[in-house]
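Trainee: Just passing along the structure, written as structure tokens.
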Amino acid sequence: MTDIRRLWRKAKSLQGWALRCVLIAVMSICSLPLHAQDDPAFNHYWTLQSFYNPAVSGLGGQLDIHGAYSLQMLGYTHAPATMIITADLPLWMIGPAHGIGAGFVNDKIGLFSNKKFYIQYALHLKMFGGRLSAGVRAGMLADSFDGTGLDLNDSGDPAFPTSEVNGTAFDLDAGLRFDGKRWYMGFSVLHTLAPMVELGDNKTNEYEVPQTFYLTGGYNIRLKNPLLSIQTSAIVRTDLQNWRGDVTARLAYNGPKGKMYLGVAYSPTISASLLIGGDFHGIQLGYCYECYTSGIGALQGTHELSLGYTTDLNLFKKGRNRHQSVRIL
């Protein structure tokens, strides 16, 4: 399984989408096992910042709940499907400088299912004319492989399990972030301990989850019309072998009865995306269609839905509960 996992990681790199399609086709035809523990690449990453950087926990001064579902590479058998739910809030009973959060990720492709449960804490300090935040996250990886879906002539090969096998491992993430008046920049490291996941009672199959480094940033461009702005953001991630970058620009309308946006995103040599959404009474709804640029086909891209809810929980400062979230500039 090691060689196939290596090919799969390569397929998820900047120039590997064609190879990824080939591997999915091979898996659907021959039912060969393959696996890689990679963090999901959501197009709505700017609404899920507390997942990519634990330093964001409680940063907006409100209870913030977000979820997203991504159905990728339509038309391919065993295509990936990913779901994520995040929640964070400030600890008002201690002070707004402290924030906590929790989340759950379920990433499924073919016969593999990767789950992550986590809790996190962040400290926010005013300095250098802005706010500096630091966060740490502890999580549990829970992975499984359904060997009952295999169809192999040599069923006695211990490298290919014939039943469902599971494995868990402790995970640790950390991050830093600085917020200015109209911009922010963050750096985080996920899987800092490079945990080893062993599958099955006999621990026959094992793999190491590589450290992944993230650099994020954003800037809010004001326009002459006070109700309009251009919200730009970017994210780059790498495990020091492969990398992916995404750049997003959204034209946002901030009206008295609601907020709306229309945007585009680009990931070099991987995809181009169209985003649309809005915020109504604290409920955020967004949709994205990602079209791959590596020859997969315009109609076999990714559909992604994003849903969020934001509300004030400051019960100790009556009349001062209005907050401008710095998470979405």
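Trainee: Enumerate the calculated ³J(HN,Hα) couplings along the stretch 99-113 in order (Karplus 6.51 cos²θ - 1.76 cosθ + 1.60, θ = phi - 60°), each rounded to whole Hz, writing x wherever the residue is Gly or Pro.
Mentor: Per-residue couplings from phi come out as x, 10, x, 8, x, 9, 10, 10, 10, 10, 8, x, 8, 9, 9 Hz.
Trainee: Further, regarding this structure: Please list 209-217, 124-132 highest first by mean number of surrounding beta-carbon atoms within 10 Å per residue.
Mentor: Result, highest mean first: 209-217, 124-132.
Trainee: What is the calculated FRET efficiency for Met127 to Cys291, with r their C-beta to C-beta distance and R₀ = 41 Å, to the nearest 0.05?
Mentor: After rounding, the FRET efficiency stands at 0.45.
Trainee: Can you tell me the FRET efficiency between Ile276 and Gln241 if r is taken as the Cβ-Cβ distance and R0 is 30 Å, rounded to the nearest 0.05?
Mentor: Given R0 = 30 Å and the Cβ-Cβ separation, E is 0.30.
Trainee: Additional query: Name the residues of the stretch 282-308 whose amide N is less than 15 Å from a point 7 angstrom out from the Cα of Ile65 along the C-beta direction?
Mentor: Answer for this model: 282-285, 307-308.
Trainee: Could I ask something else about it? Which FRET efficiency value, to the nearest 0.05, do you get for Met260 and Asp201 by plugging their Cβ-Cβ distance into 1/(1 + (r/R0)^6) with R0 = 45 Å?
Mentor: Calculated transfer efficiency: 0.30.
Trainee: May I pose another question? Per residue of the stretch 206-218, in order, report the coupling 6.51 cos²θ - 1.76 cosθ + 1.60 (Karplus, θ = phi - 60°) as ³J(HN,Hα) in whole Hz, putting x for Gly and Pro.
Mentor: 8, 7, 9, 7, x, 4, 10, 9, 10, 10, 10, x, x
Throughout, read-outs are computed from the coordinates displayed, never taken from laboratory work. Remember, predicted model here, so these are calculated numbers, not experimental data. Virtual Cβ from ideal backbone geometry, glycine too; neighbours counted across all protein chains shown.
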